[in-house]
Structure formats: C-alpha cells, structure tokens
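The structure under discussion appears below in the form of structure tokens.
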Amino acid sequence: MDDKPSPEALSESSERLFSFGVIADVQYADLEDGFNFQGTRRRYYRHSLLHLQGAIEDWNNESSTPCCVLQLGDIIDGYNAQYNASERSLELVMDTFKRLKVPVHHTWGNHEFYNFSREYLTLSKLNTKFLEDQIVHHPETMPSEDYYAYHFVPFPKFRFVLLDAYDLSVLGMDQSSPRYEQCMKILREHNPNTELNSPQGLSEPQFVQFNGGFSQEQLNWLNEVLTFSDTNQEKVVIVSHLPIYPDASDSVCLAWNYRDALAVIWSHECVVCFFAGHTHDGGYSEDPFGVYHVSLEGVIETAPDSQAFGTVHVYPDKMTLKGRGRVPDRIMNYKKERAVHC
C-alpha cells in the first residue's frame with residue numbers, strides 16, 4: 001500500500017483533465033526554530049514561509065497550471081498569539097499567497113483558533129466561502145452559517161467539499177455560549193485528564209482539546225451534497241484539517257467523531273479521496289470502500305533543505321499526487337464502475 005509508485009505508473013496514460021495543489025500546516029511565526037509539544041520534533045517557524053514561497057513559485061511555473069490550491073489549515077502558529085503577532089503574521093502569509101496565480105481555498109485548523117475567534121475568521125481573508133458553488137434548485141446543499149463549510153466545482157463532474165472539523169470544539173468559541181458548554185461536556189465525558197490536551201490513558205485518544213468534530217447539522221448537509229453528487233455521477237474530493245481514517249493518521253490526531261463522518265461518506269459512491277493535515281507526519285490508506293485518505297506532511301516540521309507540498313493530477317480513471325520533498329507520490333485509482341467517460 002505504501003510502496004512508492006513507479007515512474008511509469010505516474011505517467012500520463014490518459015488525458016489529464018485538471019490539476020490542483022495541496023499544502024498543510026505552514027504554521028508560520030517570526031521565531032527561532034523550536035520543538036513540538038512533546039519536545040521530540042523540530043519546528044522551523046521562520047523557514048516555513050520560505051517553503052510556502054517555494055511551493056507557490058513551483059505551482060505558478062508548472063506546465064499545466066493547477067486550477068486551485070487547497071490549504072489544509074494551521075496557516076500560522078499558535079505562538080503568534082503569545083507575542084501579539086497574530087494579525088501581522090497572518091498578513092505576511094496572505095501577502096505571500098497573493099503571488100499565486102490561481103484561487104486558494106483555506107481550511108481552518110486548531111492554530112487558527114489559537115490566534116483568532118470564529119467571528120474574526122469569518123470576516124477574515126481566511127474565509128473563502130465566496131468561492132462556493134450554489135446549486136440553486138437544491139437548497140439543502142447550501143451550508144448553514146453556523147459552520148465553515150462549502151463545496152465547489154473546479155471541473156465538470158468533479159465536486160470538492162471543504163469541511164469544518166472544529167464545528168464541535170472548545171477552541172475559538174465564546175466561553176459563555178451554550179455551544180462551548182456542549183463541546184466542553186463532550187470533551188470531559190471522554191477525557192478525564194486535568195490537562196485536556198493530553199491523551200494519556202484514553203481509550204479514544206482523539207478526544208483532546210486540540211481536536212474537534214463535525215456537528216450533526218454539518219454531517220446532514222454533507223449527506224445532501226453527496227446525494228446530489230451520486231445522482232449526477234460526480235467524483236468528490238473532501239478536504240478537512242483533521243483526518244478521519246485511523247490507518248492514515250496518528251490516533252491522537254483524528255476528528256472526535258470520525259466514525260460518524262466515515263458513515264456518511266461510506267453510504268455514497270461518489271467520494272474518491274479525503275485530504276487532511278494536522279498529523280505533520282503524513283499518512284495514506286485506501287479504506288474498505290475504495291476511498292483514499294491522504295494526510296499531508298506538515299510544512300512546519302520540514303527541514304530547510306526539503307519541501308512539503310504536492311500537485312494532484314486528475315484523469316478520467318484516477319488521480320495522482322506528485323509530491324515534493326517529504327510528500328510521497330501516490331496513485332488513487334477510481335473504482336472501475338466509477339471511471340469518468342469524457
């Protein structure tokens with residue numbers, strides 16, 4: 001499963017339809033190199049911006065320009081909040097993204113909520129909901145304003161769905177709100193530790209404060225979108241900061257209710273792959289229903305002499321991820337009955 005595909009397998013055996021870029025966990029801060037929470041992994045806070053610049057330059061110069069880029073969350077690091085540098089760092093990263101010749105779709109992760117409230121993010125340039133597709137004759141496919149999720153069509157018969165993995169969370173919430181109380185209750189029911197970021201002794205280690213989940217309302221909306229895509233024989237790519245498949249992630253980094261999300265996805269034929277960030281280590285697996293789960297390696301833990309991003313090339317019968325640096329190449333074949341005839 002994890003063997004690197006041969007160059008022949010990645011070659012253009014059929015006509016390429018379109019491409020898109022993927023990058024995760026930039027976590028920029030104007031700080032000297034540091035380490036992760038456990039003190040075991042080096043983090044390159046300043047250099048992450050140079051990695052982002054390199055990725056953008058690469059995408060801009062590709063012979064077949066990607067139609068868009070998916071930014072999978074944690075665009076600046078939580079340390080910015082301690083130094084009152086959140087807005088300044090975000091502006092610097094967003095100015096860097098201005099060099100990109102194509103649209104970027106921003107996902108929200110835990111570090112967004114370490115720096116900003118949900119209200120702030122909704123009004124910020126990290127809200128790319130204006131790029132959504134609106135299926136006017138199916139109002140049930142319109143997302144609620146209560147969560148940050150939307151879908152769009154980069155190419156005929158392909159629909160991308162961006163999910164809000166912190167729709168259920170204690171991060172970025174007004175602590176006096178009923179929603180915060182509800183989420184804290186869920187967290188404490190599953191995590192009795194004094195330190196809520198610690199998974200120590202938990203039978204479900206994903207129930208930590210730096211994770212979150214999907215509300216039933218959002219899952220119902222996802223179900224409606226996937227029903228529409230099934231009916232219209234579309235292929236679907238889903239994007240979330242948090243992974244939802246255990247074989248493609250550290251167990252501590254999964255969404256709280258990942259099983260609920262999988263249940264919705266597995267009840268439909270249309271989903272091809274699920275892209276996430278958060279793990280930093282990366283992960284990859286094909287689930288029993290033929291959905292590929294790709295957790296992208298994080299820029300923040302990528303040494304200056306390497307890279308961490310990729311371009312996904314889409315064909316009538318498969319998608320191929322061409323990785324750079326720490327990101328491996330991957331092949332994601334559609335199930336035979338799912339092949340698109342163009």
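Membrane-span-like helices in the chain: DSSP H runs reaching 27 Å or more (Cα, own axis), mean Kyte hydropathy at least 0.5?
Counting only whole DSSP H runs, no helix qualifies.
How high is the relative contact order of segment 150-284? Use alpha-carbon pairs under 8 Å, at least six apart in sequence, and give a whole percent. Please report the intermediate quantities before stating the final value.
Working: 216 pairs, mean separation 36.7, N = 135.
That works out to 27 percent.
Lysines within cross-link reach of residue 157: Cα-Cα under 23 Å, excluding same-chain residues under 8 positions apart?
Candidates past the 8-residue exclusion: 129, 235, 318, 322, 335, 336.
Under the definition of Cα pairs under 8 Å and six or more residues apart, what whole-number percent is the relative contact order of segment 39-132?
Taking the mean separation of contacting Cα pairs over the length of segment 39-132, I get 33 percent.
If each Cα of segment 29-103 is one equal point scatterer, what is log10 of I(q)/I(0) from the Debye formula at q = 0.13, 0.22, 0.27 Å⁻¹?
Those come out to -0.45, -1.03, -1.30, one per q.
Please express the shape of segment 1-159 as an equivalent ellipsoid: the semi-axes are the square roots of 5 times the eigenvalues of the C-alpha gyration tensor, given largest first in whole angstrom. Intermediate values should be presented prior to the final figure.
Details: eigenvalues 162, 116, 44 Å².
They are 28, 24, 15 Å, listed from largest to smallest.
Roughly speaking, what is the centre-to-centre gap between segment 58-78 and segment 177-229 when only Cα atoms are used, to the nearest Å?
With segment 58-78 and segment 177-229 each reduced to a Cα centre, they are spaced 28 Å.
Counting just the Cα atoms, what span does segment 113-169 cover along each of its three principal axes? Round to the nearest Å and put the largest first.
37, 21, 18
Residue 216 to residue 92: extension gain in nm, 0.36 nm per residue of separation minus the Cα-Cα distance?
41.1 nm
Bin all alpha-carbon pair distances of the chain at 20 Å intervals from 0 and give each bin's fraction as a whole percent.
In whole percents, the pair-distance histogram is 32, 61, 7.
Under a cut-off of 12 Å between alpha-carbon atoms, report the aspartates and glutamates in cross-link reach of residue 98, not counting same-chain residues fewer than 8 places apart.
57
When the accessible area of the chain is computed with all protein chains present and a 1.4 Å probe, what percentage of it is carbon and sulfur?
49 percent
Can you tell me what percent of all Cα-Cα pairs in segment 263-342 are more than 21 Å apart?
The calculated P(r) of segment 263-342 puts 34 percent of pairs beyond 21 Å.
In percent, how large is the relative contact order of the chain, given Cα pairs closer than 8 Å and 6 or more residues apart? Mind showing how you got there, number by number?
Values: 723 pairs, mean separation 66.7, N = 342.
Dividing the mean separation by the residue count of the chain yields 19 percent.
Classify segment 202-342 as rounded, prolate or oblate, taking a ≥ b ≥ c as the square roots of the eigenvalues of its Cα gyration tensor: rounded when a/c is under 1.5, otherwise prolate if a/b is larger than b/c and oblate if not.
It comes out oblate by the Cα gyration axes.
Sequence-distant or interchain residues sharing an amide H contact under 5 Å with residue 308, placed H: which?
Those qualifying (amide H under 5 Å, at least 5 residues apart or on another chain) are 326.
Compute the distance from the alpha-carbon center of segment 99-161 to that of segment 265-315, in whole Å.
Centre-to-centre distance over Cα atoms comes out at 19 Å.
Given Cβ point charges of +1 (Lys, Arg) and -1 (Asp, Glu) and nothing else, what value in debye, to the nearest 20, does the dipole of the chain about its Cα centre take?
Dipole of the chain, to the nearest 20 debye: 460 debye.
Taking a probe of 1.4 Å, how large is the accessible area per residue of the chain, in Å²?
Value returned for the chain: 42 Å² of accessible area per residue.
Provide the FRET efficiency to the nearest 0.05 for the residue 281-residue 138 pair, computing r from the beta carbons and using R0 = 41 Å.
On the way: r = 39 Å, r/R0 = 0.94.
Here the calculated transfer efficiency is 0.60.
The values are calculated or read from the model by the stated rules, or taken from the named source; none is laboratory data. Since we're looking at a predicted model, the values are computed, not measured. When we count neighbours, we look across all protein chains shown, and the Cβ atoms used for this are built from the backbone with ideal geometry, even at glycine. Ligands, DNA and RNA are stripped out before the accessible areas are found, and what is left, the full protein with its side chains, is counted by its heavy atoms. Shrake-Rupley method; radii C 1.70, N 1.55, O 1.52, S 1.80 Å.
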